[in-house]
Amino acid sequence: MQALAGQSPLALRWGALELLVTDILCEAGLKQLDVRTRTALELPGYYRAEKKWDLIVVSKKQLVLAMEFKSQVGPSFGNNFNNRSEEAIGSATCLWAAVKEGRFGKTAPPPFPGYLFLLEDCAAVHRPVRNKEPYFSVDPAFKGKPIPTRNEAFSGVSYCERYELLCRRLALERIYSAASLILTTDSPRTRITEPAPDLSFRRFVAALRGHVVTFLDSTP
């Protein structure tokens, strides 16, 4: 994470992070020309004709990986969380369906969809968020802590915790091969934190490198 320190949130999102991941992929053995970050990022889908990813690798006529770099800065965390969740699930689901349909030809090993999320670290993302449950109860993981003064009432988890649950479940359900959640302050001297060890950038990179090694070992 030291390579990310000192950068502004905007640079982290669109510049330094892409360069860092590109360097990691090339150090793992991929050719830099095969790593796309600015142009020609469209991949065919199943529910739609194509989708533009943030970083893709096409090597030896195979789709090696497709990555989403997403971020969110306040103040509208509520609406944006739902939008980001739907986008993340939909993009990867569409990609996997296209893989099954043979849109990418030979895929051995299967492509690696990765999800890397950068969230502004501010007071608003750490406050409990009440759930609306007019008919049915939400998943207990989203309920948070009980409210002592109100029977059967819960505070609800924060938006940071919601993003943590989203990223973790995207990886656990194999919707994405790996996911990472990074928090950064929106200030000149950026402070970077990682709220969950299983969603750390280090673990994300380890999974990414492992996939590249497997791909290179399995292709002539």
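The values are calculated or read from the model by the stated rules, or taken from the named source; none is laboratory data. In this text the structure is predicted, and so the values were computed from the model without any measurement. As a convention, Cβ positions derive from the backbone with ideal geometry for all residues, glycine included, and neighbour counts pool all protein chains shown.
Couple of notes before you dig in:
- Boolean, LYS132 is at pLDDT below 90, in contact with a strand residue (DSSP E or B) (Cβ under 6 Å, 6 or more places away or on another chain) and surrounded by fewer than 21 Cβ atoms within 10 Å (Cβ to Cβ): no
- Members of the range 168-220 found to be under 19 Å from PHE77 (Cβ atoms), without any contact (Cβ under 8 Å) to a residue 40 or more places away in the chain and part of a helix (DSSP H, G or I), listed by number: ARG168, ARG169, LEU199
- Residue pairs meeting the criteria (Cβ under 7 Å; at least 6 apart or on separate chains; first closer than 12 Å to ALA88 by Cα, in the range 64-76; second hydroxyl-bearing (Ser, Thr, Tyr) and not in a strand (DSSP E or B)): GLU68/SER91
- Selected residue [surrounded by fewer than 18 Cβ atoms within 10 Å (Cβ to Cβ) and either in contact with a helix residue (DSSP H, G or I) (Cβ under 6 Å, 6 or more places away or on another chain) or of a type in the set (A, V, I, L, M, F, W, C) (or both)] from ALA88, ALA124: ALA124
- Matching residues, the range 53-63, being under 26 Å from GLU86 (Cβ atoms), part of a strand (DSSP E or B) and touching a residue at least 24 places away in the same chain (Cβ under 8 Å): LEU55, VAL57, LEU63
- Scanning the range 66-93 for residues that are among the hydroxyl-bearing types (Ser, Thr, Tyr) and within 15 Å of the chain's Cα centre (by Cα) turns up SER71, SER85, SER91, THR93.
- Residue in the range 176-186 that is in contact with a Pro (Cβ under 9 Å, 6 or more places away or on another chain), under 30 Å from PRO220 (Cα atoms) and of a type in the set (Gly, Ala, Ser) present: yes
- Scan of the range 115-141 for residues that are touching a residue at least 24 places away in the same chain (Cβ under 8 Å) and in a loop (DSSP other than H, G, I, E, B), ordered by number: ASP121, CYS122, ARG127, PRO128, VAL129, ARG130, ASN131
- Index of the failed condition, LEU63 passing every other in (1) surrounded by fewer than 18 Cβ atoms within 10 Å (Cβ to Cβ); (2) out of contact with any Lys or Arg (no Cβ under 8 Å at 6 or more places or on another chain); (3) within 22 Å of PHE215 (Cα to Cα); (4) modelled with pLDDT of 95 or more: (1)
- If the condition is being among the β-branched types (Val, Ile, Thr), in contact (Cβ under 8 Å) with a residue 40 or more places away in the chain and within 17 Å of VAL58 (Cβ to Cβ), then the range 89-114 contributes only THR107.
- When the range 172-200 is filtered for residues that are over 16 Å from the mean Cα position of the chain (by Cα) and crowded, with 16+ Cβ neighbours inside 10 Å, the ones remaining, listed by number, are THR190, ILE192.
- In the range 86-106, residue farthest from GLU68 (Cα to Cα) [restricted to those that are part of a helix (DSSP H, G or I) and not hydrophobic (A, V, I, L, M, F, W, C)]: LYS100
- Test: LEU216 is under 27 Å from VAL99 (Cβ atoms) and surrounded by 20 or more Cβ atoms within 10 Å (Cβ to Cβ): no
- Restricting attention to the range 38-52, the residues being out of contact with any Phe, Trp or Tyr (no Cβ under 9 Å at 6 or more places or on another chain) and either in a loop (DSSP other than H, G, I, E, B) or in contact (Cβ under 8 Å) with a residue 40 or more places away in the chain (or both) number 8.
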